[in-house]
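Colleague: The structure's right below; bear with me while I get my questions together.
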Amino acid sequence: MRYTHTARVLHWLTVAALLLVGTLGLWLGWAAPKDEAFKLRLYNIHESTGILLLLVTLFRLAWRWRHPPPPGPAQPVVLERAAWLNHAALYALLLTMPVVGFLATNAWGFPLRIYNVLPLPSPLGRHEALAPALTSLHGWMALALGLLVAVHAGAALVWHGMIRRDGLLRRMLW
């Protein structure tokens, strides 16, 4: 049995947004362009897509609540619990990481205009003492999210797709 079409679209939209946000985050964190205007455009895309990802995640959770996932293949309880914990942690980070990033941006004194169109109110304003801590927390959350995504994808591709061949992977594919 497969996930609903909407659940599959939301899953792959999340994957695409994470790839964009993650790539831009790594680029900006490790090799930011020297051209200030270009760098600010990249930051805006990164931050705006992060907020979009937060909204998609909220919609995904609402959808999942109304349309529970189909039952998966039988597996040991410890693996069921590990999968549940991984999913819970993924959702927790997908919900909190954009908020922490948004607050960090505000604390550095940069208001956010989503895709340079829709202004968001600044809940903090400039707060130079808090900005580095929020930025660091956002970075550590990104690392944790990357590790959780790797475990999630590895379990789907390797454990379910190559070792067990139990059909679980096909439930989320187009």
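Colleague: For a protection proxy built on the mean count of beta-carbon atoms within 10 angstrom, sort 104-111, 143-150 highest first, please.
Modeller: 104-111, 143-150
Colleague: Round to the nearest 10 and give me the degree value, 0 to 90, for the angle of helix 5-31's Cα axis relative to the longest principal axis of the chain.
Modeller: 40
Colleague: OK, next. Can you report the principal axis dimensions of the chain using only the alpha carbons, biggest first, rounded to whole angstrom?
Modeller: 52, 29, 27
Colleague: Using a 1.4 angstrom probe, figure out how much accessible area the chain has per residue, in square angstrom, rounded to the nearest whole.
Modeller: 63
Colleague: Next question, about the same structure. What does the highest-first list of 40-48, 12-20 look like by mean Cβ count within 10 Å?
Modeller: Averaged packing, sorted descending, gives the order 40-48, 12-20.
Colleague: Taking the 0 to 90 degree range and rounding to the nearest ten, how far is the long axis of helix 36-66 tilted relative to the main principal axis of the chain, both from C-alpha atoms?
Modeller: 40
Colleague: Still on this structure, please answer the following. Residue by residue through the stretch 104-121, which ³J(HN,Hα) values in whole Hz follow from phi under the Karplus form 6.51 cos²θ - 1.76 cosθ + 1.60 (θ = phi - 60°), with glycine and proline marked x?
Modeller: Working through the residues one at a time gives 4, 4, 4, 5, 6, x, 10, x, 9, 10, 4, 6, 6, 10, 9, x, 9, x Hz.
Colleague: With a 10 Å radius around each residue's Cβ, average the other Cβ atoms per peptide and rank 78-85, 95-102, 154-161, highest first.
Modeller: In descending order of packing, they fall as 95-102, 154-161, 78-85.
Colleague: Here is a further query. With no solvent and one equal point scatterer placed on each C-alpha of the stretch 9-50, evaluate the Debye formula and give log10 I(q)/I(0) for q = 0.27, 0.33 Å⁻¹, two decimals.
Modeller: Rounded to two decimals, the profile gives -0.87, -1.10.
The values are calculated or read from the model by the stated rules, or taken from the named source; none is laboratory data. Quantities reported herein were computed from a predicted structural model and do not represent experimental measurements. Note: ideal-geometry Cβ built from the backbone for every residue, glycine included; neighbour counts use all protein chains shown. Just so you know, the surface numbers come from the protein's heavy atoms only, side chains and all, with ligands and any DNA or RNA stripped out. Shrake-Rupley method; radii C 1.70, N 1.55, O 1.52, S 1.80 Å.
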